[in-house]
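Presented below is the structure to which this report refers.
The values are calculated or read from the model by the stated rules, or taken from the named source; none is laboratory data. These numbers come from a predicted model, not from an experiment. Note that each Cβ is placed from the backbone with ideal geometry, even for glycine, and that neighbours are counted across all protein chains shown. For the accessible areas, the whole protein counts, side chains as well, though only heavy atoms, and no ligand, DNA or RNA atoms are used. Shrake-Rupley method; radii C 1.70, N 1.55, O 1.52, S 1.80 Å.
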Amino acid sequence: MHRSVVFRQPTVAVVTDARVVDGTCWPSSHLVIALVLSVGAVFFRDLKYLWTIVTQIWFFSTPVIYDPARVEEKISGFWYSVYHWNPSTAFVRSFRHVTFDGRGPELVDLVVLVVVSFVSLAIGLAVFSRFSRRIAEEL
């Protein structure tokens, strides 16, 4: 069955919510990944090859190119929890609410994104500051 998508004009508050999510949570999670990978790539030379595999799995587990409703009805249990609490899935779901539905992101998704971004930022800064002195020695 073909499902048609109706585009609605988002309100100013919805666009503001999307900019807050897009402007703070998404880049901070990428900063964490960059910090941890930069330290890890110094000590483990094969990390770039493993990271390629991880990003491919991560891409296909995030509903960027498919409708999340089609997946949510087919999985259950542990895999549903992994899929539902994926920070990228929460971001894409929030972005879809704004662009396709013309409404604001759900509060649960915003809370997940904010909590994950701040916790991961703290972890990433801790890892980078702990190993930053040894990076010059290893190179």
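Taking ALA136 and the conditions (1) within 19 Å of HIS30 (Cα to Cα); (2) not in a loop (DSSP other than H, G, I, E, B), which numbered condition does it fall short on, given that it satisfies the others?
(1)
Could you tell me whether PHE131 is surrounded by 15 or more Cβ atoms within 10 Å (Cβ to Cβ), in a helix (DSSP H, G or I), under 18 Å from the mean Cα position of the chain (by Cα) and among the aromatic types (Phe, Trp, Tyr)?
For PHE131, the condition - surrounded by 15 or more Cβ atoms within 10 Å (Cβ to Cβ), in a helix (DSSP H, G or I), under 18 Å from the mean Cα position of the chain (by Cα) and among the aromatic types (Phe, Trp, Tyr) - is not met.
Test of understanding: among PHE78, PHE100, which residue is touching a residue at least 40 places away in the same chain (Cβ under 8 Å) and farther than 30 Å from ALA41 by Cα?
On inspection, the qualifying residue turns out to be PHE100.
Would you be able to say whether some residue in region 61-70 is closer than 20 Å to VAL36 by Cβ and part of a helix (DSSP H, G or I)?
Looking through region 61-70, none of the residues is closer than 20 Å to VAL36 by Cβ and part of a helix (DSSP H, G or I).
Can you tell me which residue among VAL64, VAL42, VAL54 is farther than 26 Å from ARG96 by Cα, of a type in the set (Val, Ile, Thr) and either modelled with pLDDT of 80 or more or open to solvent by 90 Å² or more (accessible area, probe 1.4 Å) (or both)?
Values: VAL64 fails: farther than 26 Å from ARG96 by Cα; VAL54 fails: farther than 26 Å from ARG96 by Cα.
None of the others qualify; the one that does is VAL42.
Could you say which residue among VAL112, VAL108 is open to solvent by less than 50 Å² (accessible area, probe 1.4 Å), of a type in the set (Val, Ile, Thr) and outside any loop (DSSP other than H, G, I, E, B)?
Exactly one residue qualifies, and that residue is VAL112.
Could you list, in sequence order, the residues of region 85-102 that are surrounded by fewer than 16 Cβ atoms within 10 Å (Cβ to Cβ) and under 17 Å from SER29 (Cβ atoms)?
Across region 85-102, the qualifying residue is only TRP85.
Here is a yes/no grid of residues against (1) in contact with an Asp or Glu (Cβ under 6 Å, 6 or more places away or on another chain); (2) small (Gly, Ala, Ser); (3) in contact (Cβ under 8 Å) with a residue 60 or more places away in the chain:
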position	(1), (2), (3)
ARG70	no, no, no
GLU73	no, no, no
TRP85	no, no, no
SER88	no, yes, no
LEU107	no, no, no
VAL111	no, no, no
LEU121	no, no, yes
ARG130	no, no, no
